[in-house]
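Structure first, commentary second.
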Amino acid sequence: MKTLNTQVAIIGAGPSGLLLGQLLHNAGIDTLILERQSPDYVLGRIRAGVLEQGMVELLRQAGVGQRMDAEGLVHGGFELALAGRQVHIDLQALTGGKTVMVYGQTEVTRDLMAARQVAGAQTIYQADNVVPHGMKTDEVFVTFEKDGEQYRLDCDYIAGCDGFHGVARQSIPVECLKVFERVYPFGWLGILADTPPVHDELVYARHARGFALCSMRSATRTRYYLQVPADEIVEDWSDQRFWDELKSRLPQALADNLVTGPSIEKSIAPLRSFVVEPMQYGRMFLVGDAAHIVPPTGAKGLNLAASDVSTLFNILLKVYREGRVDLLEKYSEICLRRVWKAERFSWWMTSMLHRFDEHDAFSQRIAESELDYFVDSEAGRKTIAENYVGLPYEAIE
Ligand code: APR
Ligand code: PHB
């Protein structure tokens, strides 16, 4: 067995692991990232695309904001299309000037990978059988295999940035964790196409046939979604069927404006709310999707990963620089306060905008009326806007 060592062992090279790694590296704290897949595989995943201001600032702080600032699209609002009318949510006016940045997670990941390479910090891709050990002891280490050889990585702390299906959460004894979960009876069918966006802002549409979302990656690339039943299979959706269904769920003026084209990618994602408490076990910390999942309606998944990263980074900085080991046990409670607020908002946006077949007529009218109330009231629109641009990060003191 070969032995390696580092200060912080990071499992997973998604946005959580790479961003944490970059911030720690810049602060002179040594990290080693272990990733199960290859870089191309990681970059091949099409994920979210809306960054809160807090995440934008964190990326700049990490020194990886250059391309985002040049190519990302700053959005000062979004559109809600509700039976027969459109409501503009003016994020900037409602939040005292805050905006969001439309920039794909794939691009964030690409920028972080490049920065890590320039920094000369080590990532071991295609690492098999990654297993964390000794998290409740002073002898913390991670074992793994690479090219058939066995390795042991000694470290001070482990960051479990390995997503929902990762090993970090699964290596915590089940009796030490409490799981909160809701699975929705539908999924999102998404397509990526090289077509100009139907509108200059994102459009979230509630419709009797189901929810639809018009998003984008750039001025020439669109990302559109349709609510579909959970058991739907992607092969049943030709491009033509997708475009026809999308048009049927959009207000006429937008449908008339929709430019269609061949899809570059098409996939179905289930919708789930999931939180595990606590987000730590001894010297191992769960970050991002490893600890929580939100349905994508509020665009919060990637942003929550970033706020966890910020919290863990600021705690570790104070631990290494000022010996503040007392802060370590606060990680989970600090993260969870923000996580639950984003869980609530994501659940609410999902509940308001989707069609729930199992709801009786009364429940459907209540949901419609609730959203009507929110959008017709300045206080309601403010509530939507302040959550959408992102709640503040808690200071670490
Ligand atoms: N060993 C090593 N790496 C692993 C293991 C394992 N056992 N299991 C998973 N991984 C890797 C995955 O291959 C992936 O690259 O961990 C990474 C986790 O990345 P993501 O799933 O992208 O999770 P995260 O970095 O927390 O990103 C935040 O929030 O809502 C979402 O779309 C958003 O994916 C984004 C996520
Ligand atoms: C996306 O562009 O993929 C996207 C945008 C907003 C959401 C969800 C996904 O709420």
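Here the condition is being more than 20 Å from residue 390 (Cβ to Cβ) and within 16 Å of ligand 2 (Cβ to nearest atom); of 137, 106, it holds for 106 alone.
Residue by residue, here is whether (1) modelled with pLDDT under 95; (2) in a helix (DSSP H, G or I) holds:
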site: 297; (1), (2): no, yes
site: 314; (1), (2): no, yes
site: 331; (1), (2): no, yes
site: 340; (1), (2): no, yes
site: 343; (1), (2): no, yes
site: 351; (1), (2): no, yes
site: 368; (1), (2): yes, yes
site: 383; (1), (2): no, yes
site: 392; (1), (2): no, no
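Exactly one residue out of 248, 310 is among the polar types (S, T, N, Q), over 23 Å from residue 108 (Cα atoms) and not in a loop (DSSP other than H, G, I, E, B), and it is 248. Filter region 108-136 for residues that are touching a residue at least 60 places away in the same chain (Cβ under 8 Å) and part of a helix (DSSP H, G or I) and give the result. Across region 108-136, the qualifying residues are 108, 109, 110, 112, 113, 115, 116, 119.
For region 35-44, state whether one or more residues are farther than 30 Å from residue 127 by Cα, modelled with pLDDT of 95 or more and surrounded by fewer than 21 Cβ atoms within 10 Å (Cβ to Cβ). Scanning region 35-44, I find no residue that is farther than 30 Å from residue 127 by Cα, modelled with pLDDT of 95 or more and surrounded by fewer than 21 Cβ atoms within 10 Å (Cβ to Cβ), so the answer is no. From the list 63, 17, the lone residue that is touching a helix residue (DSSP H, G or I) at 6+ places or on another chain (Cβ under 9 Å) and either outside any helix (DSSP H, G or I) or under 30 Å from residue 354 (Cα atoms) (or both) is 63. Residue check: residue 364 meets all listed conditions (1) out of contact with any Cys (no Cβ under 7 Å at 6 or more places or on another chain); (2) touching a residue at least 40 places away in the same chain (Cβ under 8 Å) but one, namely (2). Cβ separations smaller than 8 Å between residues 6+ apart or across chains give the following pairs from region 283-295 residues that are within 28 Å of residue 353 (Cα to Cα) to residues that are among the charged types (D, E, K, R) and within 16 Å of ligand 2 (Cβ to nearest atom): 292/343; 293/272; 294/300; 294/343; 295/272. Evaluate the following for residue 97: is it within 16 Å of ligand 1 (Cβ to nearest atom), surrounded by fewer than 22 Cβ atoms within 10 Å (Cβ to Cβ) and either at pLDDT below 95 or within 28 Å of residue 201 (Cα to Cα) (or both)? So residue 97 does not fit the description; no. In the condition set (1) of a type outside the set (A, V, I, L, M); (2) over 15 Å from residue 81 (Cβ atoms); (3) within 16 Å of ligand 1 (Cβ to nearest atom), residue 241 is compliant with all but (3). The set of residues from region 159-192 being away from ligand 2 (no atom under 16 Å from the Cβ), within 21 Å of the chain's Cα centre (by Cα) and outside any loop (DSSP other than H, G, I, E, B) comprises 159, 160, 167, 168, 169, 170, 179, 180, 181, 182, 183, 185. When residues in region 150-195 are screened for being crowded, with 17+ Cβ neighbours inside 10 Å and either at pLDDT below 95 or touching a strand residue (DSSP E or B) at 6+ places or on another chain (Cβ under 9 Å) (or both), 26 of them pass. Taking the condition outside any loop (DSSP other than H, G, I, E, B), free of Cβ contacts under 8 Å to residues at least 60 places away in the same chain and over 24 Å from residue 133 (Cβ atoms), does residue 304 pass? So residue 304 passes the test.
Residues in region 14-56 that are away from ligand 1 (no atom under 14 Å from the Cβ), under 23 Å from residue 346 (Cα atoms) and among the polar types (S, T, N, Q): 53 only.
For region 21-41, enumerate the residues that are of a type in the set (S, T, N, Q) and farther than 21 Å from residue 145 by Cα.
Result: 22, 26.
Taken over region 204-237, the residue count meeting the criterion of being within 12 Å of ligand 2 (Cβ to nearest atom), part of a loop (DSSP other than H, G, I, E, B) and within 15 Å of residue 187 (Cβ to Cβ) is 1.
When residue 95 is tested against (1) under 30 Å from residue 210 (Cα atoms); (2) within 16 Å of ligand 2 (Cβ to nearest atom), only condition (2) is not met.
Filtered by the rule that a residue be more than 16 Å from ligand 1 (Cβ to nearest atom) and in contact with a strand residue (DSSP E or B) (Cβ under 7 Å, 6 or more places away or on another chain), region 305-339 gives a lone residue, 316. Among the criteria (1) within 22 Å of residue 216 (Cβ to Cβ); (2) within 13 Å of ligand 1 (Cβ to nearest atom); (3) buried (at least 23 other Cβ atoms within 10 Å of the Cβ), the one residue 59 does not fulfil is (2).
Checking the structure you have, find out if any residue of region 205-219 is within 16 Å of ligand 1 (Cβ to nearest atom), within 29 Å of residue 51 (Cβ to Cβ), surrounded by 12 or more Cβ atoms within 10 Å (Cβ to Cβ) and modelled with pLDDT of 95 or more. Within region 205-219, one or more residues are within 16 Å of ligand 1 (Cβ to nearest atom), within 29 Å of residue 51 (Cβ to Cβ), surrounded by 12 or more Cβ atoms within 10 Å (Cβ to Cβ) and modelled with pLDDT of 95 or more. Select from region 262-295 the residues that are of a type in the set (Gly, Ala, Ser), surrounded by fewer than 24 Cβ atoms within 10 Å (Cβ to Cβ) and part of a loop (DSSP other than H, G, I, E, B) and list them in ascending order. Answer for region 262-295, where residues must be of a type in the set (Gly, Ala, Ser), surrounded by fewer than 24 Cβ atoms within 10 Å (Cβ to Cβ) and part of a loop (DSSP other than H, G, I, E, B): just 282.
The values are calculated or read from the model by the stated rules, or taken from the named source; none is laboratory data. What you see is a predicted model; the values in this text were computed from it and never measured. Every residue, glycine among them, receives a Cβ derived from its backbone with ideal geometry; neighbour counts consider all protein chains shown.
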